[in-house]
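Here is the structure we will look at, set down as structure tokens.
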Amino acid sequence: PAKFRKLIDLRAGEFTPDTILAIRKAVRIQNIARDVFGDADNKFISQLRKLSTISDYEEIGNKILSLLEVDFEDVTRNKYVFEQLNYWKKIVESKGIYILELGFPTDEAKGFAIYDDAVPVIVLNTNDYPNPRIFTLIHELSHFIYGRDVIADESNILNFQSDDKTEIACNYIAGSILVPTSVLDQKLLALNLDLTNFDTDLEVLGKVFNISREVVLRRLLINKKISQGIFELHNHKFRHNYREKPKAKGGNFYIKYLKNNSRSFVENILDAYRINRIDYSEALDYLSIKSETLT
């Protein structure tokens, strides 16, 4: 998209080939999807765009949770962190948004979003740890409210002092989606957490919501559960240590392929082949695979 090319051009000197290739791959998949499936507006994106006039970020977060049909009993169920990441990915992809996970330097980008009325795409960085990827995913999703292409890096993810008001808005919205006020209050009461033993209680809440303690810490401050002083003390420790779980190594070729290319995109192309919308050679070309892999 022209806007995204302009954004890349402004920062071209910052990007290595791996980052540029990730962007090119995402744009290619978006273009293929438009060619094969048409350019009818994505209904979920249309609903998101209507939220741009709302100024209350908590209200926006609640409306998005409703649109995504999120079940917080499932969100807060005990899961390994990669299970939680896949949970959120599945929910978002079910709304017609392609999510790719590709590797590029984390100091260049933690992820990016390419807006499109019909085929929106979000890319997460496999070199980042899974908890940050969850926040990046929802942060990038929030950008679609405002119809923006964006490259997310350390300067805007979880930065509430940014000069960019949209970045601040997306940080607030992402937090309200991942740790809703009503669910936070419910868990504090149910688990009898009065935050007097703060380090332990914060760790418990991080595990309950299956999200970084930094996100929970910010939500506690926003909801006036802790003072600014307590927040700053702990935020200083977490700000550059937003990595709680090790990254997955190696893995099955097919699982990695689906992550790199968006499971939803791959399934859509295979469905198009099965109903003869595209032929065999086109399916191989669009999926960038050999005949034996498809077989």
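Stretch Asp117-Ala190 to full length: gain in nm at 0.36 nm per residue minus the Cα-Cα span?
Here the segment from Asp117 to Ala190 would lengthen by 22.1 nm.
List the relative contact order of the chain as a percent without decimals, with contacts defined as Cα pairs under 8 Å and 6+ residues apart.
Dividing the mean separation by the residue count of the chain yields 21 percent.
Let me know the charge dipole size of region 84-189 about its Cα centre in debye, to the nearest 20, where only the beta-carbon of Lys, Arg (+1) and Asp, Glu (-1) is charged.
Value, rounded to 20: 500 debye.
Between Phe231 and Glu292, what length in nm is gained on full extension when 0.36 nm per residue of separation is reduced by their alpha carbon distance?
Once the chain is fully extended between Phe231 and Glu292, it gains 16.5 nm.
Can you give the helix-only mean residue ellipticity at 222 nm for the chain, where every DSSP H stretch with n ≥ 4 adds -39500 (n - 2.57) and the sum goes over all residues, rounded to the nearest 500 deg cm²/dmol?
-17500 deg cm²/dmol
For region 65-169, report the convex hull volume of the alpha-carbon atoms normalised per residue, in Å³, without decimals.
102 Å³
When the Kirkwood hydrodynamic radius is evaluated over all pairs of different C-alpha atoms of region 136-283, what value in angstrom, to one decimal, is obtained?
One over the average 1/r among Cα pairs gives 18.2 Å for region 136-283.
Spin-label point model (7 Å from Cα, Cβ direction): what's the Leu21 to Thr166 distance in nm?
According to this spin-label approximation, the distance is 2.9 nm.
Find the accessible area per residue for the chain; the probe is 1.4 Å, ligands and nucleic acids are left out, and the unit is Å².
Per-residue value: 49 Å².
Report, in listed order, any pair from Lys90/Lys256; Lys187/Lys207; Lys25/Lys259; Lys110/Lys290; Lys79/Lys207 with a Cα-Cα distance greater than 19 Å.
Listed pairs above 19 Å: Lys110/Lys290.
Stretch Phe198-Lys50 to full length: gain in nm at 0.36 nm per residue minus the Cα-Cα span?
Between Phe198 and Lys50, full extension yields 49.4 nm more.
Roughly how many percent of the accessible protein surface of region 6-134 is carbon and sulfur, given a 1.4 Å probe and a whole-percent answer?
Percent of accessible area from carbon and sulfur atoms in region 6-134: 46.
Going by average Cβ neighbours within 10 Å, how do the peptides 226-232, 201-207 rank, with the highest at the top?
Peptide ranking by packing, descending: 201-207, 226-232.
Provide the per-residue ³J(HN,Hα) series for region 124-132, in order, calculated from phi with Karplus coefficients 6.51, -1.76, 1.60 and θ = phi - 60°, each as a whole number of Hz, with x at glycine and proline positions.
Whole-Hz 3J(HN,Hα) from phi for region 124-132: 10, 9, 5, 7, 8, 7, x, 4, x.
Can you compute log10 of I(q)/I(0) for the chain with the Debye formula, treating each Cα as one identical point scatterer, at q = 0.10, 0.14 Å⁻¹?
Debye curve over Cα of the chain, log10 I(q)/I(0) at q = 0.10, 0.14 Å⁻¹: -0.55, -1.06.
The values are calculated or read from the model by the stated rules, or taken from the named source; none is laboratory data. Treat the numbers as computed from the prediction; the structure is a model and nothing was measured. Please note: Cβ atoms are built from the backbone with ideal geometry, for glycine as well, and neighbour counts cover all protein chains shown. SASA here: full protein model, heavy atoms, side chains in, ligands and nucleic acids out. Shrake-Rupley method; radii C 1.70, N 1.55, O 1.52, S 1.80 Å.
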